[in-house]
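Take a look at the structure below.
The values are calculated or read from the model by the stated rules, or taken from the named source; none is laboratory data. Computed from a predicted structure; not experimentally measured. Neighbour counts are summed over all protein chains in view; Cβ atoms, including those assigned to glycine, are modelled from backbone coordinates with ideal geometry.
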Amino acid sequence: MFAYIVRRLAYAVPILVGVNLVTFVLFFVVNSPDDMARMQLGAKRVTPEAIAKWKAERGYDKPLVWNAEAPGLEKLTRTIFFEKSVRLFVFDFGFSEDRRDIGREIAARMWPSLALAVPVFLVGLAVCVSFALLLAFFRATYLDFWGVVLCVAMMSISTLFYIIGGQYVFSKLWRLVPISGYAEGPDALKFLVLPVAIGVVAGIGASTRWYRTIFLEEMGREYVRTARAKGLAESAVLFGHVLRNALIPILTGVVAVIPLLFLGSLLMESFFGIPGLGSYTIDAIQAQDFAVVRAMVFVGSVLYIVGLILTDLSYTLVDPRIRFD
Amino acid sequence: MNAPTLAIERLATRLDTVQGEVRAVDGVDLELRRGECVALVGESGCGKSMTALSVLRLLPETGRIAEGRVLLEGTDLLALPEAAMRAVRGRRIAMIFQEPSAALNPVLAVGRQILEVIRRHTPLRGRAARARALELLAQVGVPDPARRMDEFPFQLSGGLKQRVMIAAALAAEPEVLLADEPTTALDVTIQAQILELLARLQAERGLAVMLVTHDLGIVAQMAQRVAVMYAGQIVEAASREQFLRAPQHPYSRKLFDALPGAEKRAAALAVIPGQVPPLTGEFRGCRFAERCDEAIERCRWVAPRMVALADGHLVRCLVREEKGPAAAVGEPTLLEARGEPQAAASAPLLEVRDLKVHFPIRRGVLRRTVGWVRAVDGISLDIRAGRTLALVGESGCGKTTAGKAILRLLPLSGGTVRFDGADLATLGRERLRRLRRAMQIVFQDPYGSLNPRLRVGDILAEGMRALGVGASDAERERRIAALLEQVGLPAEAAARYPHEFSGGQRQRIAIARALAVEPRLVVCDEPTSALDVSVQAQILNLLRELQARLGLAYLFITHNIAVVEYLAHEVAVMYLGRIVEQGSAEEVLGAPKHPYTEALLAAVPRIAGRRERVRLAGELPSPVDPPVGCHFHPRCPQARAECRERWPAPVRLSPTRTVNCVLYRSSAASNI
Amino acid sequence: MPVVLVTDLLLWLLVAVGIGYARYCARRPHLAAPWARVFRRPAAVAASVVLAAYLVVALADSLHYRPALAQGGAGARAYSVEVLSLLDALLPALRTRSEKTYSAPLATRSYAKEQVELPGGGIARDYPRLRWGGAHLADESEWAADVARRVAQGLGVAAALIGLAALATRRLRRRRPEVPWQAGFWTFAALAALACPAFALAQGYHVLGTDKVGNDVFYLALKSVRTSLVIGTVTTLVLLPVGVALGIMAGYFRGWVDDAIQYVYTTLNSIPGVLLIAASVLMMQVVMDRHPEWFATAAERADAKLLVLCVILGFTSWTGLARLLRGEALKLSQLEYIQAAHALGVTHARILSRHILPNVAHIVIIALVMDFSGLVLAEAVLSYVGVGVDPSTSSFGTMINAARLEMSREPPVWWTLATAFAFMLVLVLAANLFADAVRDGFDPRVRVAAAGAGVR
């Protein structure tokens, strides 16, 4: 078990290196720092001096990977690659366009993101699993049929409409909750109710349908027939046998997502004005703040890999076949 | 005779399929009495499992019971509300299934799966319930039940899992046990253990058992009464003795004739032409008439009723009704004498020496190899042209791996494979490709062995094209037509797709594919084990005929002893990666010397002449960590101290026969 | 002068490929059978009618030309820099009649008050009459009667079309009784009953209102259809070869090939989808800004951006398909017919092309149709984030983005959003229903995670 975790962690390193190379190529090879400077400065103010100043302020005035002028080891370290990409490994993200420490910003904005993402995740999981169980229990009836139709209809609606519609009806028309904003502490509740509800509703369609297929697949297995042959009631079969098995793919699929909750939700946060990492990312994209985008790419990859490892671990916890292997 | 515990009357079950409504069970009458085992026999698709499932009302969702009654001591189960029916399931009628690894819930400890029944149907709770479960496990012969209670199904072997299934089924002391092919998924030595257990429990508890099976040997060993099913109906019902002495329905008689065995070596096996008719339509006459060689004109127009012959033997056949009972079966009818090819003294076509196939087990951070699965651990054998060597053993003994390694479909870990003088083990890729023309393989699964997206003609042409057989497309096309004719398929088959053919026909196509490149050696990897007996007979006949005509050598890999007896010239018995005994078929099968061979042969359920049983305890150990010394010694009834020390050297008992067992070391010299 | 945009070419190419594939399938029973199963479902037939309607609009919008400028003199003819499409030519009223700013559906007056000169002199603040919407009405009190008349005209045409469809349905039912043609018929009837009155009204009004700069919203929505279809289909053209080739190679060869391919897709997968797309799009934007000389017209430039978006979406979403196909190829390579092919000395290339590829084709098809709706939804989000299509390209995303803040106005400007919502819902719902039927018809066990799932 220990060896297994160590191996998975070791496997993460080449992946992060790969992510790093991809972002480096995207940000510095496809485009030169000059292009970025031009873009940031805007068409009017582009003079060679302005570009040089912009680059110097941000540390882009170095060669990409090999600094022939620098002495010794600094030939490697005093380069854009080392300073901008390799430093990410120690979570040194540098500064954003408005000269703020990106690392500190991320640490601060993580909490509002979690305050929104965690309830959406937990409530959504509970709602979707129960809904799917209901459909599976009443399989091949009208309830099941219309339930699935509803799911397909719900997953055909863009999240944008859920948000815009929800804001309009609950905040503007009925004035139940503030339209957007955020506050620390318990005050956050009134700001979070609507986004959480919308987040849950927007996810119902796709998840319920997926869980339902898993349940139905399990219900077709032979051990279910054995359980019925024992004289167990249908509910006992469903909860005692099917649920246990179906939870294996559901849980492991879900566990991979947990670390990514830190990243928050792009749309939800930007629409509701929640100062989390999601709106941070969107703002950075819209302001073309490459340093922040680069940092978020790296953080996202790290979290994804953590999710992979957690998935493997969760398998060993819920599936005895793997636990004892 | 006491009143029946369970009486099935005019049961009709329908299944909805894409082809339309299938009359899977169509008017079945059957009675089960206390302490009696009734065998429901038939080939796949005849409706025997559906009958059993209908009794418990556990049909798949597309199925429904259209008609009939199922009386359990007078109560019609089909009229019960679902809640009352649940009180019957498990409590009064229990069922065990074919595949124990699928029938047990993989994520629940086996103890819980037994306790579940105890809690549902008995007042026992807590410690008392657990004690009862332990007792049950002990009764079904699970060693160390206290430990096993908390283990999960995947930790148990197939035989143990089936024992657990039986324990769960019997936990609430039902009166009736429905056993649906309970040993089909098990090895023959394990099958013998389970059958013995079932027979014991039946006798002890006075159970009424309905045993659904396709194996006439099991019928002969277990049943008191027999019912034969064909196309959704029971066509014959009789006591075991009556049935075995003189089966009356032409279908039943054909089934017996189609069984391979040593006594039929001289002739081709009887076959049933055609296929089971589709059960979607109405039948006017006898359902078997199209395939029956005794059929008279009336059979096609008049549906036969079940009639009792003089001794209470029931049969659904107009011919018997008119002409009276058929004679007892005596000697098998010789259809056509078969000239045994001469035991050629020529040099062997294939010489395998000390072949090893080991798979690495990787563990730890760096995936270092920490051990080896010794799937094949040094086997040697010779095959001559025109001869059949049967490689026999139970699942997991490495026989399939050996077959594939000989063809270099798997990498070898050691040893030499000389084919016609060339050592395959060291041959380069290009030379190997050229040699592939001479060696081909036929697989077990007729469904997985043909690419569903290619026409039969393309399947046959592929190898020819790859290996450069036939100069032009036109020539290859002629050859394809000839091949199809050779394996008994019409020439139009070339333009069709595999799914349009039945299992037996697909196996013919697979054989034709192998023959397309004119091989001299064909490895047959369990080619008939997925087929019904009547179809198996066709394929065995075909293989023998091809051998006689083309002088092919076969390496025939199988676990089916009857097939070996019928087909093989030489036999090699494998156990845990090694050959324990080999020799001519007459020698090995007629007078087995190795204790394992003896036990293996004894475990095969026979129709006639029960042998003195040598029951093997335990199961095949893992090839990761084989027992030190003779691999067989932990299960060997005659093991001695020296068996634990080293693998016994082969002892030559006759010019053609060797055995690896210490029992024969001293006597060997004097015997020869 | 005809103008061939790259996405036009690809879209038509895809249509040709689709027709070729259909003919290829029709001659092979094992390929035709699953499609026959698909079209035995009423929902699939209804959905394909809807999708066909969208496709007609998109294809009409994919034949581009530059109109000749009416200029005297022989010699070289001058062409407008504006690139128009067949759709524009068919609907001149919609394209050219733009108002000053917002106006509600079927309105005759503007949404915003302006200084209006009173007939009797003097100036008042009032809602001015629209330049085009209802301009033909001398008296606004005739409005209701006029609208009713136009609707009736439209319904008349619709009734004629529906009658024709009914005849066609009867003939089709006789030829193929197992297909639920009625479902298709009713869908067609509903579409005709909506579309014909809409076009009839569009001759004199803005059926769905106008947007901030006075463009007809109905026209914008029709133009957006093409963008959606391009993104949903052209993307798969990029994703397909990469995903299929890498997926089956990883599963078939195993060993280091598998390790390498798995490494690549785990790495790509580990970057959050939106960020990878955003970063790529931003970077391509910079490249394109640096080379304005690549594009002759603004339309070509916008089209190039659309294409780049498709390529980027394709390259970031092949991993799902590859992973699925790897698993399937892994299973297939264990099958006995593959081993038989090895025993027959068949080469790897032939095994991959003749044995593996045809046997994973059903998964590819399922993945393609399931991806479509995901991509359409992703486009909206990406355009909202600002990394989607060019702002000059009309798409549902740009429509939503432009209108989302206007819900807070009083009275709310709801029609742009509602239009985008309705058009998208119908498209995505039809695509989802169709995809469901395809999955059930081909292989109900396959679980495909839709492309663009990370974006939504």
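Points to keep in mind about this one:
- Only one of the listed residues (B:Arg615, B:Arg606) is within 23 Å of the chain's Cα centre (by Cα), in contact (Cβ under 8 Å) with a residue 24 or more places away in the chain, over 22 Å from B:Thr558 (Cβ atoms) and surrounded by fewer than 22 Cβ atoms within 10 Å (Cβ to Cβ). That residue is B:Arg615.
- Wholly enclosed helices (runs of 4 or more DSSP H) of segment B:553-672 bearing at least 1 residues touching a strand residue (DSSP E or B) at 6+ places or on another chain (Cβ under 8 Å), outside the structural domain of B:Glu196 (by TED's automatic domain parsing) and modelled with pLDDT under 85: B:665-671
- From A:Arg225, A:Arg209, residue being without any contact (Cβ under 8 Å) to a residue 12 or more places away in the chain, buried (at least 20 other Cβ atoms within 10 Å of the Cβ) and either at negative phi or among the charged types (D, E, K, R) (or both): A:Arg225
- Check on B:Arg112, basic (Lys, Arg), surrounded by fewer than 21 Cβ atoms within 10 Å (Cβ to Cβ) and either modelled with pLDDT of 95 or more or within 30 Å of B:Ser395 (Cα to Cα) (or both): yes
- Hey, C:Gly163 more than 19 Å from the chain's Cα centre (by Cα), not in a loop (DSSP other than H, G, I, E, B) and not hydrophobic (A, V, I, L, M, F, W, C) or not: yes
- Of all the numbered requirements in (1) away from chain B (no Cβ under 14 Å); (2) over 24 Å from A:Val123 (Cβ atoms); (3) β-branched (Val, Ile, Thr); (4) free of Cβ contacts under 8 Å to residues at least 24 places away in the same chain, A:Thr281 misses one, and that requirement is (2).
A quick yes/no check of all residues on (1) modelled with pLDDT of 95 or more; (2) in contact with an Asp or Glu (Cβ under 9 Å, 6 or more places away or on another chain); (3) closer than 30 Å to B:Pro123 by Cβ:
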position: B:Gly47; (1), (2), (3): no, yes, no
position: B:Glu73; (1), (2), (3): no, yes, yes
position: B:Glu82; (1), (2), (3): no, yes, yes
position: B:Ile93; (1), (2), (3): yes, yes, yes
position: B:Gln98; (1), (2), (3): no, yes, no
position: B:Ala102; (1), (2), (3): no, yes, no
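- Residue list for segment B:379-398, filter: touching a His at 6+ places or on another chain (Cβ under 8 Å), within 17 Å of B:Ala553 (Cβ to Cβ) and not in a strand (DSSP E or B): B:Arg387
- Summed over segment A:182-221, residues that are outside any helix (DSSP H, G or I) and either within 14 Å of chain B (Cβ to nearest Cβ) or of a type in the set (Val, Ile, Thr) (or both) total 2.
- Hey, B:Gly90 out of contact with any strand residue (DSSP E or B) (no Cβ under 6 Å at 6 or more places or on another chain), away from chain A (no Cβ under 11 Å) and on the phi > 0 side of the Ramachandran plot or not: no
- Meets criteria (modelled with pLDDT under 90 and either crowded, with 24+ Cβ neighbours inside 10 Å or part of a helix (DSSP H, G or I) (or both)) for B:Thr189: yes
Residues checked against (1) without any contact (Cβ under 8 Å) to a residue 40 or more places away in the chain; (2) closer than 18 Å to A:Arg294 by Cα; (3) within 14 Å of chain C (Cβ to nearest Cβ):
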| site | (1), (2), (3) |
| --- | --- |
| A:Ala12 | no, no, yes |
| A:Val17 | yes, yes, yes |
| A:Thr23 | no, yes, yes |
| A:Phe28 | no, yes, yes |
| A:Pro33 | no, yes, yes |
| A:Gly42 | yes, no, yes |
| A:Ala50 | yes, no, no |
| A:Trp66 | yes, no, no |
| A:Ala70 | yes, no, no |
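- Residue that is touching a helix residue (DSSP H, G or I) at 6+ places or on another chain (Cβ under 8 Å), touching a residue at least 12 places away in the same chain (Cβ under 8 Å) and over 27 Å from C:Ala378 (Cβ atoms), where the choices are C:Phe185, C:Phe218: C:Phe185
- Residue match in segment B:130-141 (condition: in a loop (DSSP other than H, G, I, E, B) and within 30 Å of B:Ala12 (Cβ to Cβ)): no
- Scanning segment B:422-478 for residues that are exposed (fewer than 13 other Cβ atoms within 10 Å of the Cβ) and part of a helix (DSSP H, G or I) yields B:Thr426, B:Arg429, B:Glu430, B:Arg431, B:Asp473, B:Ala474, B:Glu475, B:Arg478.
- Residue check for C:Glu293: free of Cβ contacts under 8 Å to residues at least 60 places away in the same chain and more than 14 Å from chain A (Cβ to nearest Cβ): yes
- Checked against the criterion of being within 19 Å of the chain's Cα centre (by Cα), closer than 30 Å to A:His241 by Cβ and without any contact (Cβ under 8 Å) to a residue 24 or more places away in the chain, segment A:73-92 contains not a single residue that satisfies it.
- Residue tally, condition more than 28 Å from B:Cys37 (Cβ to Cβ), touching a Ser or Thr at 6+ places or on another chain (Cβ under 8 Å) and either part of a loop (DSSP other than H, G, I, E, B) or of a type in the set (Lys, Arg) (or both), over segment B:1-27: 1
- Test: residue in segment B:127-142 that is polar (S, T, N, Q), buried (at least 19 other Cβ atoms within 10 Å of the Cβ) and under 24 Å from B:Thr184 (Cβ atoms): no
- Criterion: part of a helix (DSSP H, G or I) and in contact with a Gly (Cβ under 6 Å, 6 or more places away or on another chain) - qualifying residue of C:Val50, C:Val15, C:Val56, C:Val45: C:Val45
- Index of the failed condition, B:Glu297 passing every other in (1) closer than 27 Å to B:Thr528 by Cα; (2) acidic (Asp, Glu); (3) modelled with pLDDT of 85 or more: (1)
- Matching residues, segment B:435-457, being within 8 Å of chain C (Cβ to nearest Cβ) and free of Cβ contacts under 8 Å to residues at least 60 places away in the same chain: B:Gly448, B:Asn451, B:Pro452, B:Arg453, B:Leu454
- Scanning segment C:217-260 for residues that are crowded, with 21+ Cβ neighbours inside 10 Å and within 14 Å of chain A (Cβ to nearest Cβ), we see that the one that is nearest to C:Thr101 (Cα to Cα) is C:Ser224.
- All positions within segment C:399-411 that are without any contact (Cβ under 8 Å) to a residue 60 or more places away in the chain and not charged (D, E, K, R): C:Ile400, C:Asn401, C:Leu405, C:Met407, C:Ser408, C:Pro411
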